[in-house]
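Inspection log for the structure reproduced underneath, given as structure tokens.
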Amino acid sequence: MGKKNKGGGSHGGGGHDGAGGLRWLLTYADMITLLMAFFIMLYSISILDVEKFRQMSSTFREVFGLGAAGKFHTGGTAVFESGNVNNVSVNSKEATGTSPPELVNIEDNIEKYLEKLKLSGQIWVHGDERGLTVSIFNDDFLFAPGSADIKGQAQTVLRDIARIIATIANPVRIEGHTSNVPVSNVFFPSNWELSAARAGAVARFFIEMGGVEVKRISVAGYGEHRPLVSNSNDADRRVNNRTDIVLLKSVEQKREAKVQESNR
């Protein structure tokens with residue numbers, strides 16, 4: 001009887017110790033699963049697909065209780081986040097108050113046009129304190145690398161957007177941006193000059209092909225110095241390499257007029 005009790009006690013204790021000893025394996029398996037999911041996510045965004053990026057960002061923000069991220073070219077809130085970079089959070093109808101009716105109509109018309117052509121990966125429409133911005137991603141759509149010549153595939157879209165914008169009187173500021181990848185050729189010694197030339201090319205196209213009045217347009221080139229996200233990887237660089245078409249609202253319109261008066 002004593003021997004039996006000893007064996008039973010030893011067997012029960014061993015079972016308990018064995019279960020306790022295997023608890024680390026569950027934690028380890030969970031960690032490996034999370035790491036695998038993390039690296040799959042990194043791989044999936046190594047090539048930019050804006051629509052997939054939006055869906056993934058929205059899902060992660062909802063899971064972690066940060067609220068739903070916004071959409072590309074559909075108004076609402078759009079958030080780019082990448083490490084310690086300049087985070088952009090804009091909302092065309094909430095962040096800066098109610099947008100002027102004319103800008104709301106233009107936004108709706110451009111969004112409907114983009115949805116029809118399924119251009120969510122190339123163009124993003126959003127609002128900020130200045131007014132309404134149409135961001136066109138340069139890579140693979142608007143310009144070839146190191147060039148300020150508008151691609152043929154983009155000209156029809158650019159013309160149609162210009163004609164929509166031509167229906168209102170708000171000033172239009174066209175801003176060129178690049179990533180931090182250096183450019184050096186016989187035409188453009190720096191990204192600053194390349195971005196300015198690209199903005200100028202779009203401005204000229206708007207005037208000649210889109211019917212936008214010359215007096216409404218101003219041009220700026222910022223090079224790589226006003227990124228939306230970090231330039232730490234190819235996906236971020238594609239987002240930063242863009243041309244912004246900014247429709248200024250009334251407050252900014254008056255400010256622009258004062259600047260022009262002071263420069264005369």
Practice problem: Go through (1) under 22 Å from H225 (Cβ atoms); (2) surrounded by 19 or more Cβ atoms within 10 Å (Cβ to Cβ); (3) at pLDDT 95 or above and name the single condition G200 misses. | Solution: (2)
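Looking at N191, N185, N180, can you tell me which residue is in contact with an Asp or Glu (Cβ under 6 Å, 6 or more places away or on another chain), surrounded by fewer than 21 Cβ atoms within 10 Å (Cβ to Cβ) and not aliphatic (A, V, I, L, M)?
Step by step, each of N191, N185, N180 is checked, and only N180 is in contact with an Asp or Glu (Cβ under 6 Å, 6 or more places away or on another chain), surrounded by fewer than 21 Cβ atoms within 10 Å (Cβ to Cβ) and not aliphatic (A, V, I, L, M).
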Exercise. For residues that are in contact (Cβ under 8 Å) with a residue 24 or more places away in the chain and loosely packed, with under 14 Cβ neighbours inside 10 Å, scanning just region 114-144, find the one that is farthest from the chain's Cα centre (by Cα).
Key: L117
Quiz item: Checking D234 against (1) under 23 Å from G121 (Cβ atoms); (2) without any contact (Cβ under 8 Å) to a residue 12 or more places away in the chain, which single condition isn't satisfied?
Solution: (2)
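Taking only region 222-255 into account, find how many residues are modelled with pLDDT under 90, of a type outside the set (V, I, T) and loosely packed, with under 15 Cβ neighbours inside 10 Å. Walk me through it before giving the result.
Filtering region 222-255 for residues modelled with pLDDT under 90 gives 249-255.
So of that shortlist, the ones also of a type outside the set (V, I, T) come out as 249-250, 252-255.
Right, trim to loosely packed, with under 15 Cβ neighbours inside 10 Å and you get 250, 254-255.
The total comes to 3.
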Quiz item: What residue, of V186, V219, is at pLDDT 95 or above and either out of contact with any Cys (no Cβ under 9 Å at 6 or more places or on another chain) or at positive phi (or both)?
Solution: V219
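May I ask you to verify whether E107 is in contact with a Ser or Thr (Cβ under 7 Å, 6 or more places away or on another chain), surrounded by fewer than 22 Cβ atoms within 10 Å (Cβ to Cβ) and not aromatic (F, W, Y)?
Working: in contact with a Ser or Thr (Cβ under 7 Å, 6 or more places away or on another chain): yes; surrounded by fewer than 22 Cβ atoms within 10 Å (Cβ to Cβ): no; not aromatic (F, W, Y): yes.
Criteria not met by E107.
Table: residues versus (1) touching a residue at least 40 places away in the same chain (Cβ under 8 Å); (2) within 23 Å of L247 (Cα to Cα); (3) part of a helix (DSSP H, G or I).
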site: I168; (1), (2), (3): yes, yes, no
site: E175; (1), (2), (3): yes, yes, no
site: V186; (1), (2), (3): no, no, no
site: L194; (1), (2), (3): yes, yes, yes
site: I207; (1), (2), (3): no, yes, yes
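The values are calculated or read from the model by the stated rules, or taken from the named source; none is laboratory data. These numbers were taken from a predicted model, which means no experiment stands behind them. Cβ: placed from backbone, ideal geometry, glycine included. Neighbour counts: every protein chain shown.
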